[in-house]
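Structure record follows, encoded as C-alpha cells.
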C-alpha cells in the first residue's frame, strides 16, 4: 500500500513547482487587482490581466519554456492536475460567497415590482441569446462543426450568459452612487438576487443536458450508466427544494447552538465550509458542477439572520482575497486572448447583452410604475455582469461547451458592462459620484507633525505642499487665498478638526491635503479643543458645490472617535491613508443585502 501511495504522490521538485506557480499566480493577481482598484476599476479586471500576462498570451508567447514550467500543459501532468484542483476549489468557494449574498427575505419584500423587473430582464435577453445560439452559433464564435447534441445546451447557455446579473458589482455601484438605501436601489438588489438564483439553476440544467463524454459522465455513473437527463434534472430540483426548505430551517436552528458552544468564529466557519463542500460534492455526483451545490448552500445558510455580519465578512475576505484572484487569473492561463479575439463575436455578445438587458429591465420597471428615468437607471444597473458572467463563461469553457473565441467575448462583455453600468446610471439619473476621501490623498498630500504650533505656519506648510502637487500653482497665492478665508471666519470643527479652504483659479480638480499635529493648533474651535487634524481643501472656482461636498465628507468620515484616534497614531502617510481606506471599506461592507437597517429599508 505504501509503495502505491508513494507512486501517486508529487515528487519534491514537483511540489516546489506547484507552490511556486500558485504563489506567482496569486501574488500577481492580488497586485494587479489592487492596481485596478486604485484606478477606480473592478479588482477582477486586474486579476484577469494577471492571468493573461502569465498565460499563453504574453508569457507563453515570449518565454514558452517558463510558461510550461510553471503551468504544465501535457495531459496527465501531476502538477497540472493539482493546479486544476486548486482552481476548482477556488471556484466552489467563490460561489459559496455569491450564495451568501442572496437574501431571500429581501427578494420577497419587493413583491410584484421585483418579479416584473427580474422576469423581463431574464426573458428578453435570454430569448435573443437562445435564438443566436440555436440558429447562428458561428456568429458567436462557436465551432462551425458543433455536434447536434450540443446545440441545445449551447443555446440555453448563451441565453443565460446574456441575461444573468452580477449582484456584488451592482451592490458596489449602488453604494458608490449613494443609492443603496433608496427604493430603486432595493428593487435593483432584489431583482439581481432573483436573477442570480434563476441563472445558476438554468446553468445546472445546461450541465445536465451535456452529453456523455463531457461533464455528463458523472450523471451516468451516478445511476449505473443509465441515468437520463430528466432524472438528473429531477434530482437537482429535488436537492434545490430540500435545501430551500429543510436545509434553510436546519441552518437557521443550528446556527445559535454552534455560535454559543463552539469557538468563535472558527467553529462557525468550519460548519459553513463543511456544509458547502458536502453540497458541492453531492451536485458533482449528480452530474451538475460542484459550484451549484456551493451556491445553494450559501443561499440556505446566508438566509439565517443568526449568521453574524462578522462571520460573513470573514468568509468574504478570506475567499475574495485568496481564492477568487486565483480563479479569475486562471481564466487567462490557457487562452491566447490575441489569437482568440473575434471582433464579430465580441460586438454581437456585447450589443445583445446591453440592449436585451437594459430594454427588458426598463420595460419591467416601467410596468411596475417607475418613472422613465428610474426605469432606465434600473436597466443599466441590472446590465452589469462582472464576475458572475465571467464565472459562467469559464465553467462552460471547462465543460467543453464553448470555444476560446466565445469565452473571450463573454469576458470582455462582462468587464465592459460592469465598467459602463455606474457611469450610465449616473448620467441617466443625473447623479454625482460619491467621493471617497482616501482616493483623493497620496502620500504627498499627508503631512505628519509639521512641527509648528500656529495657524499661519501650518497653513504655510500645507500650501507649499499643495503647490508641489499642482504644477502651475504658486504657494504664496494659495496661502493668501486660504488665509483671507480664515481671517473672515475660523474653520474649526468639533472634535479636534479644522477645514481651512479656498476657491482657486486655474485648479484642474479639487485637492485635499491634511496635516496631523499631535500638539494641536488653536483654530478657535467652538468646543475649545485644539485642532489636531487639519484638512486644506482647494476647489476650482467653477465648482461652487464641491467645497460644501468636501466639507461634509470630512465631517462624516471623522465623526467616529475611533477613526480620529487611529489617524493620530499613524506613523507614516501610508498608514494614515490605510486607516481611511479601511474605514471606507468597513462602511461599504455595512451596506450589504443582509443589513436590515440599510439595504433592508424599502
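How much length, in nm to one decimal, is gained on full extension between residue 524 and residue 575, taken as 0.36 nm per residue of separation minus their Cα-Cα distance?
Going from the current span to full extension adds 15.5 nm.
Using only Cα atoms, tell me the angle between helix 544-557 and the longest principal axis of the chain; keep it within 0 to 90° and round to the nearest 10.
Between the helix axis and the principal axis of the chain, the angle is about 80 degrees.
Suppose the chain between residue 469 and residue 136 were pulled fully straight at 0.36 nm per residue; how much longer would it get relative to their current alpha carbon spacing?
Taking residue 469 through residue 136 to full extension adds about 114.4 nm, to one decimal.
Can you give me the C-alpha center-to-center distance between region 372-401 and region 47-78, rounded to a whole angstrom?
28
In nm, to one decimal, how far is the residue 264 label point from the residue 341 one, both placed 7 Å along Cα→Cβ?
Distance between label points: 5.2 nm.
Relative to the longest principal axis of the chain, what angle (0 to 90°, nearest 10) does the C-alpha long axis of helix 78-100 take?
Here the helix axis deviates by roughly 60 degrees.
Pairs of alpha-carbon atoms within less than 8 angstrom and 6+ residues apart define the contacts here; what relative contact order does region 335-420 have, in percent?
Relative contact order for region 335-420 comes out at 40 percent.
So what's Rg/Rh here for region 11-70, counting alpha carbon atoms and using the Kirkwood radius for Rh?
1.07
Show that you can apply the helix-only estimate: for the chain, add -39,500 (n - 2.57) for every DSSP H stretch of four or more residues, divide by all residues, and state [θ] at 222 nm to the nearest 500.
-21500 deg cm²/dmol
Taking every DSSP beta bridge with both residues inside the chain, roughly what % is antiparallel (nearest 5)?
Approximately 50 percent, going by the DSSP bridge assignments.
Report the Cα centroid-to-centroid distance between region 240-286 and region 489-513 in angstrom, as an integer.
Cα centres, region 240-286 to region 489-513: 51 Å.
Taking 8 Å as the Cα distance limit and 6 or more residues as the minimum spacing, I'd like the relative contact order of region 87-428 as a percentage.
Taking the mean separation of contacting Cα pairs over the length of region 87-428, I get 31 percent.
By counting other Cβ atoms within 10 Å of each Cβ, how are 143, 196, 443 ranked from fewest to most?
443, 143, 196
Hey, of [x] 228; [y] 195; [z] 159, which did the structure itself give for volume of the Cα convex hull per residue in Å³ when calculated?
Recomputing volume of the Cα convex hull per residue in Å³ here gives the entry labelled [y].
Indicate the gyration tensor shape class of region 437-590 (rounded, prolate or oblate), computed on the Cα atoms with a ≥ b ≥ c the square roots of the eigenvalues: a/c under 1.5 is rounded; otherwise a/b larger than b/c is prolate and the rest oblate.
rounded
Using only the alpha-carbon atoms, how far is helix 104-135 inclined from the longest principal axis of the chain? Give it as 0 to 90 degrees, nearest 10.
So the inclination is approximately 60 degrees.
Rounded to the nearest 0.05, what FRET efficiency do residue 371 and residue 457 have when you use their Cβ-Cβ distance and R0 = 60 Å?
0.65
Taking the Cβ-Cβ separation of residue 322 and residue 508 as r and a Förster radius of 25 Å, what is the calculated FRET efficiency to the nearest 0.05?
Calculated value: 0.05.
What percent does the relative contact order of the chain come to when contacts are Cα pairs within less than 8 Å and at least six residues apart?
18
Rule-based calculations on the coordinates, nothing more; no lab input. Computed from a predicted structure; not experimentally measured. Note that we place each Cβ from the backbone using ideal geometry, even for glycine, and neighbour counts take in every protein chain shown.
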